[in-house]
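The values are calculated or read from the model by the stated rules, or taken from the named source; none is laboratory data. Small disclaimer: the values here were computed from a predicted structure and weren't measured. No Cβ is skipped: glycine too gets one built from the backbone with ideal geometry, and neighbour counts run over all protein chains shown. Ligands, DNA and RNA are excluded from the accessible area calculation, which covers all protein heavy atoms including side chains. Shrake-Rupley method; radii C 1.70, N 1.55, O 1.52, S 1.80 Å.
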Amino acid sequence: LHNMLKMGFNEGCTWDGNRGCADQSLMADLKACAKYGFKGIDIRFDCLDKYLAEGGTLEELNAFMKANDIVPLSYNALCFFNMKQTAEEKQAVMDELDDIIKKCAALDCHMVVVVPSCDLNEKGIEATRQEIRDDAVAVLKEMVKKCEPTGLKLSLEFCGAPSMSINTFDDAYEIVKLVDSPLMGVTLDQYHFNGMRSDWSKLEKADGDKIFVWHLNDTEDVPAGAGYNTDAKRLWPSDPRGCLDHKRFADTLKEIGYDFENGFITMEVFRPDYYEMTTDENIKTAAAETAKHIQRYCK
């Protein structure tokens, strides 16, 4: 795979926050990643918290990754950063970011994925797209200022569900352009791009340097915005039940200048069936799927 995209692993493959492989842990994930050739990992915040609560240290974690040539691609994630209604809620987001900045410095991690808020209607908020955009830009500009001293990057992950405040690539990319910082980019998750049928023409006109993270997966073909279209519908990319146009994703990213020589493509699936595997079996499969995908579409 020399001079091709490198293989990245997202811990969502083995743990979704509520369930996962029976023997899953951050160290089990990392050991299997080293065994099967993953060169990067998106570290889930809850997996890291559990590791630290059980007595692990950031220094030991950093040393293991360096010894095994694994890059900590991102801290995944600072969730629900926008549309906060009180000063206390807004401050809590900034305090969380301060803590993440310290953790990332200790881990030599250079990116944080930021996830938009959801279920605004349940909070009595009926915001327009413009209001959501203005709020996100203001908050992200403040977050970027905090990140500037260390150069930590922020990657906005739109989530393709009706309940999410930023749920298309179109809106996420516009927000990133308005923040206008080299530290601000977009997480492109293929499942989320399909979920609310993001506009291909927007991706085709985007700057590939602003795509900070590329999440690989497939999905069952369900209607846009369906309430039952959850992460559990995700699939390995080669699954015949999948509906995504993998060639179009790869060709478009090549065309707009995504870094195919030094960049990563990161497997992220959350399928309950896959949690029936051991961590080793899951990551072995994820690695084989990623390698096959790179060979087929990403040369």
For this session: Would you calculate, for the chain, the mean residue ellipticity at 222 nm contributed by helices, counting each DSSP H stretch of 4 or more residues as -39,500 (n - 2.57) and dividing by all residues, to the nearest 500?
Result: -12500 deg cm²/dmol
Exercise. Per residue, what volume in Å³ does the Cα convex hull of segment 145-299 take up?
Worked result: 130
Problem set entry | Virtual spin-label span in nm between K90 and K299, 7 Å along Cα→Cβ | 5.3
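With all pairs of different alpha carbon atoms counted, what Kirkwood hydrodynamic radius in Å does segment 79-202 show? Walk me through the numbers on the way to the answer.
Details: mean 1/r = 0.0677 Å⁻¹.
Taking the inverse mean of 1/r over all distinct Cα pairs, segment 79-202 comes out at 14.8 Å.
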Problem set entry | Mean shadow area of segment 132-201 over all directions, Cα convex hull, nm² | 4.6
Problem set entry | Cysteines having no other Cys beta carbon under 4.7 Å from their own, within the chain | C13, C21, C33, C47, C79, C118, C147, C159, C243, C298
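State, as an integer percentage, the relative contact order of segment 22-160 based on alpha-carbon contacts under 8 Å between residues 6 or more apart.
On the way: 154 pairs, mean separation 34.5, N = 139.
Reported relative contact order: 25 percent.
Which number comes out as Rg/Rh for segment 147-239 once both Rg and the Kirkwood Rh are worked out on C-alpha atoms?
Working: Rg = 13.9 Å, Rh = 13.8 Å.
That ratio is 1.00, to two decimals.
When all alpha-carbon pairs of the chain are counted, what percent fall beyond 35 Å? Present the calculation step by step, with values, prior to reporting the outcome.
Numbers: 5622 of 44551 pairs.
The calculated P(r) of the chain puts 13 percent of pairs beyond 35 Å.
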Problem set entry | Per residue accessible area in Å² of the chain, where ligands, DNA and RNA are left out and the probe is 1.4 Å | 44
For this session: From the C-alpha gyration tensor of segment 1-118, pull out the three semi-axes of the equivalent ellipsoid (sqrt of 5λ each), sorted largest to smallest, in whole Å.
Result: 26, 15, 15
For this session: Let me see the pair-distance distribution of segment 207-293: every alpha carbon pair, 5 Å bin width, integer percents in order.
Result: 3, 13, 21, 23, 18, 15, 7, 1
Exercise. Relative to the compact globular guide of 2.2 N^0.38 Å, what is the alpha carbon radius of gyration of segment 68-123, as a ratio?
Worked result: 1.34
Exercise. Taking a temperature of 4 °C and a viscosity of 1.567 mPa s, what whole-number D in µm²/s does Stokes-Einstein yield for segment 1-43 with Rh from Kirkwood over alpha carbon pairs?
Worked result: 117
